[in-house]
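Asker: Structure below; questions to follow.
The values are calculated or read from the model by the stated rules, or taken from the named source; none is laboratory data. Since the structure is predicted, the reported quantities are computational estimates derived from the model, not experimental observations. Ideal geometry is used to build each Cβ from the backbone, glycine not excepted, and the neighbour counts take in all protein chains shown. Ligands, DNA and RNA are excluded from the accessible area calculation, which covers all protein heavy atoms including side chains. Shrake-Rupley method; radii C 1.70, N 1.55, O 1.52, S 1.80 Å.
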Amino acid sequence: MVMYFILGLLASLALVCALFVLLFIFLRIIWNHACRSRLTFLAPLLLVTVISYLSITILVPMVFDCVQLINRQYSVREIEIPDEVTPRNHTLTLDGQKFYFPPGVFKSNEHGRYQITYTPRTHYIINVMRFGDVPDHR
């Protein structure tokens, strides 16, 4: 499950690096006075906005969680699997927080009590331990 987090970190890092390269290409076009369109002047502003947003919301929290991952300092929580588990997009929403898990961790009709360990900032589930079935409330 750690590989799922590392692959997400590498994908977000690659996306931000690709946008930086694109930003430098547009800046070089502007510096060389080779603009063919007026939209070329707006592209760097849009790219800086997108790079800043992705860095603040995804990349920086994942880098900080990478330190927690190396030190094995995870957050722990007991959960009861609700009906909102969506195996298609691998997310679990509990108390307004969205948790991410790799494929095959939770099945669509699998209910019960679990103890999960997850990264504190980005909420990637690292380990899952099943406690048992949920008792019927009659």
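Asker: Given the options V76, V50, name the one that is more than 14 Å from P120 (Cα to Cα) and in contact (Cβ under 8 Å) with a residue 24 or more places away in the chain. Before you say what the answer is, go through the steps one by one.
Answerer: On the way: V76 fails: more than 14 Å from P120 (Cα to Cα).
The match here is V50.
Asker: Additional query: In segment 4-44, how many are open to solvent by 80 Å² or more (accessible area, probe 1.4 Å) and either touching a residue at least 60 places away in the same chain (Cβ under 8 Å) or outside any helix (DSSP H, G or I) (or both)?
Answerer: 4
Asker: Output the number of the condition that N71 fails; it satisfies all remaining conditions of (1) open to solvent by 70 Å² or more (accessible area, probe 1.4 Å); (2) farther than 27 Å from M129 by Cβ; (3) more than 13 Å from the chain's Cα centre (by Cα).
Answerer: (2)
Asker: Right, something else. Just for segment 75-100: of the residues that are within 12 Å of the chain's Cα centre (by Cα) and crowded, with 17+ Cβ neighbours inside 10 Å, which one is modelled with the lowest pLDDT?
Answerer: Only one residue tops the list, namely H90.
Asker: Using the structure shown, decide if L47 is in a helix (DSSP H, G or I), of a type outside the set (V, I, T) and open to solvent by less than 50 Å² (accessible area, probe 1.4 Å). Show your work before the answer.
Answerer: Working: in a helix (DSSP H, G or I): yes; of a type outside the set (V, I, T): yes; open to solvent by less than 50 Å² (accessible area, probe 1.4 Å): yes.
Judged against the criteria, L47 is a match.
Asker: Every residue in segment 113-138 that is over 22 Å from R72 (Cβ atoms) and either part of a strand (DSSP E or B) or at pLDDT 75 or above (or both), please.
Answerer: Going residue by residue through segment 113-138, those that are over 22 Å from R72 (Cβ atoms) are 113, 132-138.
R113, G132, listed by residue number.
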